[in-house]
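What follows draws every value from the coordinates through simple rules; no lab data is involved. Not measured: the values here are computed from a predicted model. For neighbour counting, all protein chains shown are included, and Cβ atoms are generated from backbone atoms with ideal geometry for every residue, glycine included.
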């Protein structure tokens, strides 16, 4: 599958995942589609909680689903989000999600796609969004 087709597939799946978001407090729904190096896609949505701190972001939901199924090698993630489920701007991952990405991804090759739709998207490497991230290599 070429890069343009992969990106399009991730955008569509992230938009579908966003529809499952549980966001009764912020009303800001987020969806994520995470692709392994083998091309398998795991999706996640944000899941809020009345106590706020137990809330889980869409990106971490996707990563935790994948890791719990034995995946350890990832190629890209697409993130979409918007107030009341309406995509109007790019939704970047929070710092905690960037840290989780650092645990499992090569910061120079892992792609983060922020999309509004299939024609409006921006692609970054993890290193671009988390330039001095702390990861497993720091402990060697």
Looking only at the stretch 69-99, count every residue that is farther than 21 Å from residue 22 by Cα and surrounded by fewer than 17 Cβ atoms within 10 Å (Cβ to Cβ) and tell me the total. 5
With the requirement that a residue be farther than 19 Å from residue 106 by Cβ and touching a residue at least 24 places away in the same chain (Cβ under 8 Å), what does the stretch 66-91 give you? 69, 80, 81, 82, 83, 84, 85, 87, 88, 89, 90, 91
